[in-house]
Amino acid sequence: MKTSRITLTTAIVAGLAMQSAAQSSLSNFAANSASTLSPVSFTWGGTFVPANSGEVTAMGQMLPFGAPVRPHLTLNAQRITRINQLKNTDATMQTYYAGLIDHVDWLLLQPVYTVQNVDSRMSEERITALALAYRLTNNTAYAEKARQYLSTLVAMPDWRAEATVLHVLAEFTSAAAIGYDWLHDYLTPSERTALRNAIVNKGLNVALARYRSGSTQQWWTWSGLNIAMVCNSGFITGALAIRDTDPSVSSEVLAHAQKSLALAMASLNNDGGWIEHHGYWVYGVGRLIRGFDMLETSLGTDLGLDASGFLSKTGLYKVLAGGRGPRGTACFDFGNTYPLNEGSPELYWLAGKFGQAPLAAYQKTLHQDGQLIKPWDLIWYVPSTSADLANLPKAGVFRNNAQFFARNSWSTVEPNAIAFKGGDNKANHNQLDIGHFLYESQGVRWFLDLGRTADQQPGPGGKFYRNSTLGHNTLRFNEGEQPSTAQASMIAFSNRDANQFGIIDGTQATGGAAALWKRGVALRGGSTVVVQDEWTAAPRTRVDWTAYTTATLEPGPGRKSVYMTKDGKTVTVAILYPPTVSFQVSSGYIKAPESPIPGLKKVTLMYRPTTIWNRMVVAIMPGRRALSDFNSVRQSFLDDWVNEANLP
């Protein structure tokens, strides 16, 4: 972090917002490569030590706090001009602009929230959309509607700070701060004063009391998880909005937030993967990026928080975990995450900052119709082409959450694709699912995740079937559950188009039932999936292979294969090894009060080998296949997969 005082320049806020001169790689790994990987420790968060008086003073001395040219929080004159120019020349911006205007015109017809029913996230979204529309059109009807929402925030007795987490408070603070900055010239002096006082007294002073306490109960300050990113980014936005009038409050908030976010940034280490999975990347890392842009456009610095360059790697995780697209289709929904891919305008920000046009091309594919676009899509938009989309890596491995994704093409919305995980069972929003894999082809999610448990009641014994090892597409030993403390590193991978795979060491997940368990999941030739398990355990140790589907199932000859049919499409699952086991098909019934999944079925293999070292190999091919079709699938030990992938 710089120690000298910095000054704002128009160069910092012009154009595409901090676009780098050179394109940054989307991955830590070279294209068309295969390699073993060293195990990593899964860590997040740490000890939060509140900023001391010297650090607060240094923050105040380092950063400017004179009267800004408003708006200056992400939105500024250069970006307003750019949007208005592009809407006349760029088809995508035209669609986004029309979508924004349609949305705010609809908002004009809606009643404003009352103090009793106001929602923090919706308030932020509506105020942002209305204020941006006002800045782009000078239509005061939009500004007036936003002012009414802001008046509700001012009238609230408090902004609903909870005991241990402050995400609602942070969202109210951010909503008020954006309205204060973007509508500054529309609001009367008395309205500005009332709103500024609310930001300070209902938002920032409450946050400061929690920061100063240093209490471990305030887990948003030290967890390094999505909640840390959401809270700190919201308070940063508030602090920047009132920096010219309340510099001491602003400097102290920024000093604390800098120390708290440093712990969160470490959670993105190695390669930008996210331990809480796709949906909480969208919420947490998305808010983090918003906070970074607020800092950079307002102060010209990110406070040194991304000195290690972790953000340049994280966009690829969002894209690969987002699934096949288009918008509204299922993401690869590991853990207790949201199930759908709705895109993220932060991909435009990453594309602009790091010269990563393929990220922009992916985001553009999700909102071709202009529906559900966000104000940030217009502000951060980066033009791209279909050629940029084709340049996205088809496979990626992320060591800090032990996840691997692969697909055969970016030129179709119905690719052959796999997702596979190891990871840390005790991590936030995770489940007992080391070894879990997902598979889709021909536009169908054949082997699926049972979904998140939020807003549901647990089943018998107060437990969620969805959280259990039995409720996932993985291996179980002696019918046991994986320990909640189990971890599994990704120990090898290949991103070669002809042979994409990831391999984990899942030994800890066996709970001591096996001395070694490794699982590899591969996409070969762009179409054939291989799921291979190898383990060392006492003879007669029971092993159960399980996977869930909503397809119609038809056992093949001798139950050595299963034909899966859905939406007029078919795939075939076959046992390659051992020859002594057969598929069993049963209902995937989930007991009430957990929500059922209509048509859910379970495909299983049970094996009690008499030897110590064992393996099980299952392969999947699109279409209705004879067992003889699988004779072409190469079988080899997992330890040989990397060497074979590297053969010319």
*asked:* Sort 219-226, 82-89 by packing, meaning the average of other beta carbons within 10 Å per residue, with the highest value first.
replied: 219-226, 82-89
*Determine the relative contact order of the stretch 320-382: mean sequence separation of Cα pairs under 8 Å and six or more apart, normalised by residue count, in whole percent.*
30 percent
*Where nothing but the Cβ of Lys and Arg (+1) and of Asp and Glu (-1) is charged, how large is the charge dipole of the chain around its Cα centre, in debye to the nearest 20?*
900 debye
*Determine which lysines satisfy two conditions relative to residue 87: a Cα distance under 28 Å, and not lying fewer than 8 residues away in the same chain.*
145, 318, 353, 364, 374
*For the stretch 160-182 and the stretch 71-138, compute the distance between their C-alpha centroids and round to whole Å.*
19 Å
*Subtracting the Cα-Cα distance from 0.36 nm times the residue separation, let me have the gained length for residue 463 to residue 515 in nm, one decimal.*
15.9 nm
*So between residue 371 and residue 47, what do we pick up on full extension, going 0.36 nm a residue minus the alpha carbon distance?*
112.4 nm
*Name the helices (complete DSSP H segments) of the chain with a Cα length along the long axis of 24 Å or more and a Kyte-Doolittle mean of at least 0.0, or state none.*
91-108, 247-266
*Exposure of residue 59 as accessible area (Å², to 10), given a probe of 1.4 Å and all protein chains*: 10 Å²
*Which net charge results when you count Lys and Arg as +1 and Asp and Glu as -1 among the other residues whose beta-carbon is under 13 Å from that of residue 120?*
-1
*Taking amide hydrogens as modeled 1.01 Å from N in the peptide plane, which residues meet the under 5 Å criterion relative to residue 505, leaving out close sequence neighbours?*
489, 491
*Using a 10 Å cut-off on Cβ atoms, rank the peptides 155-166, 467-478 from the highest mean neighbour count down.*
467-478, 155-166
*How do the peptides 255-263, 397-405 rank, highest first, by the average count of neighbouring beta carbon atoms within 10 Å per residue?*
397-405, 255-263
*Dipole of the chain, positive direction: furthest Cα of 258, 588, 222, with charges on the beta-carbon*: 588
*Run the numbers on the chain and let me know its relative contact order in percent, using alpha-carbon pairs under 8 Å that are six or more apart.*
13 percent
*Magnitude of the Cβ-charge dipole of the stretch 526-626, K/R +1 and D/E -1, about the Cα centre, nearest 20 debye?*
220 debye
*asked:* Sort 580, 81 by heavy-atom solvent-accessible area, probe 1.4 angstrom, most to least.
replied: 580, 81
*Report the accessible area of residue 186, computed with a 1.4 Å probe over the heavy atoms of all protein chains in place, in Å² rounded to the nearest 10.*
60 Å²
*For the stretch 534-648, just say rounded, prolate or oblate: build the C-alpha gyration tensor, square-root its eigenvalues into a ≥ b ≥ c, call rounded for a/c under 1.5, and beyond that prolate if a/b exceeds b/c, oblate if not.*
oblate
*Amide H of residue 570: which non-local residues (sequence gap of 5 or more, or other chain) have their own amide H closer than 5 Å, using H built in the peptide plane?*
623
*Cα-based reach from residue 591 at 20 Å (exclusive), listing aspartates and glutamates while leaving out same-chain residues under 8 positions away*: 433, 449, 455, 479, 481
*List the chymotrypsin sites (Phe, Trp or Tyr not before Pro) within the stretch 581-617 that fall in a DSSP loop (any state other than H, G, I, E or B) and whose Cβ has at most 16 other Cβ atoms within 10 Å.*
589
*Output the relative contact order of the stretch 414-495, whole-number percent, from Cα pairs under 8 angstrom with separation of 6+ residues.*
34 percent
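The values are calculated or read from the model by the stated rules, or taken from the named source; none is laboratory data. Predicted, not measured: the structure shown is a model, and the values here were computed from it. Here the Cβ is made from the backbone with ideal geometry for all residues, glycine too, and neighbour counts use every protein chain on show. Side chains included, ligands, DNA and RNA excluded: accessible areas come from the protein's heavy atoms. Shrake-Rupley method; radii C 1.70, N 1.55, O 1.52, S 1.80 Å.
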